[in-house]
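The values are calculated or read from the model by the stated rules, or taken from the named source; none is laboratory data. If you're wondering where the values come from, they're calculated on a predicted model, not measured in any experiment. When we count neighbours, we look across all protein chains shown, and the Cβ atoms used for this are built from the backbone with ideal geometry, even at glycine.
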Amino acid sequence: MADMVRAVVQTGPRQMEMREFPRPVIGPEDGALLRVEACGICGSDVEQYKGAMGTRGLPMIPGHEPLGIIEEIAPATAARWGVQPGDRVAVEILIPCRSCDLCLAGRYMQCKNRAGSHGGYNPPERGLGLWGGYSEYMHLHPNSIVHPVRSDLPAEIAVMYNPLGAGVRWALQYGGVALGTSVLVLGAGQRGLSAILASRYVGAGTIIATGLSRDAKKLELAKDFGADVAINVEEEDTVERVRELTDGDGVDVVLDLTPMAHQPIRDAIEAVRWGGTIVLAGLKGQKNVELVTDKLINKALTVKGAFSVDARAYTDAIKLIESGKFPLARMQTHKFGLEDVEHAIKLLAGEVPGEDGIHVAIMPGL
């Protein structure tokens, strides 16, 4: 095994460079060394690359959707995680303390003592290290949370555990989508498609997807994944179309998964039925959105902010992948090596003419 590890470091908005780091030495009380097979690119990675999420935490190695093989692991960590060298695992983003009141109550995503995150912001004292997935190897903290994944699945499919987990959590857990529920999914990216798949899997009623003209292929796939209607918001009025499809009542649940756009939130309030639920998961870059809050009150709406994915949703998503029941390969459009990280991010952002990416994966072995 090489003594040095290659990784892509983001140093500023639209600034990335390849660097080499010493391969971590795993001691008896340490965590583990992960050989990264694949790392998915998230919409938040795109916004972080552009600088829309600020520069706090830079420089850093991005990539918070890693899948890989346990290369080395401390005995205590192996006992805690229930894995051994050679096992394939999916890695959660957050690194909780595992011992505070919130962690012990199962609310570890709210942990105030967390050691940082993988491929995200880390405390300054943690420094720049192999914490992100755009790297040949990752150093996993002893408090990291991992999920075993079958080793016979193609890595570019298995790494979809994160967007699928988001679809499961945001639609089913936060939205409460169940048998017969009508759903409006604003945004036809990988998480929107995953939410549609999860909603159809549990027997939702009418499922409506939205997208832009450039999302034509995604909207076609949305129908194949279970959407009954796909709306091009540049050609049709979302609210009017939803009212037409629901006899004026609106839908039970609206999921806003659009990045940076403000109009979808206003559309959500108008398109949801009285007493319905709105789930907000699309980041808006810390920008204020003008809303008529009286409508939230007068329609008795429930509005929930959806943060990341939890262990339950990851587990369900991995089961969906391992079941082989869904044409997930159709969502996986591109895979690139470390040298092409910037190109991959720009492709997912729609900045590469003639290329239409849905799920894009970084595979250091390519």
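Taking the condition surrounded by fewer than 17 Cβ atoms within 10 Å (Cβ to Cβ) and free of Cβ contacts under 8 Å to residues at least 24 places away in the same chain, does P22 pass?
yes
Which members of region 35-71 meet the condition of being closer than 20 Å to M331 by Cβ and either without any contact (Cβ under 8 Å) to a residue 40 or more places away in the chain or part of a strand (DSSP E or B) (or both)? Outline the logic, then answer.
The initial filter retains those residues of region 35-71 that are closer than 20 Å to M331 by Cβ, namely 37-46, 63-67.
Within region 35-71, E37, A38, C39, G40, P66, L67 qualify.
Could you please find all residues in region 77-92 being outside any helix (DSSP H, G or I) and crowded, with 16+ Cβ neighbours inside 10 Å?
Within region 77-92, V83, D87, R88, V89, A90, V91, E92 meet the criteria.
Residues of region 115-170 being among the charged types (D, E, K, R), in contact with a strand residue (DSSP E or B) (Cβ under 6 Å, 6 or more places away or on another chain) and over 28 Å from T258 (Cα atoms), which ones? Talk me through it step by step, then tell me what you get.
Just the residues of region 115-170 that are among the charged types (D, E, K, R), to begin with: 125-126, 136, 150, 152, 156, 169.
In the following step, the residues that additionally are in contact with a strand residue (DSSP E or B) (Cβ under 6 Å, 6 or more places away or on another chain) were identified as 126, 136, 156.
Selection gives R126, E136.
Quick one: in region 255-312, which of the residues that are β-branched (V, I, T) and in contact (Cβ under 8 Å) with a residue 60 or more places away in the chain is surrounded by the fewest Cβ atoms within 10 Å (Cβ to Cβ)?
Restricting to residues being β-branched (V, I, T) and in contact (Cβ under 8 Å) with a residue 60 or more places away in the chain, the top hit is T277.
Looking only at region 223-232, filter to residues that are surrounded by 18 or more Cβ atoms within 10 Å (Cβ to Cβ) and in contact (Cβ under 8 Å) with a residue 24 or more places away in the chain; which one of those is farthest from E270 (Cα to Cα)?
Here the answer is F225.
Every residue in region 311-353 that is under 23 Å from A7 (Cβ atoms), at pLDDT 95 or above, touching a Gly at 6+ places or on another chain (Cβ under 9 Å) and not in a helix (DSSP H, G or I), please.
H334, G337
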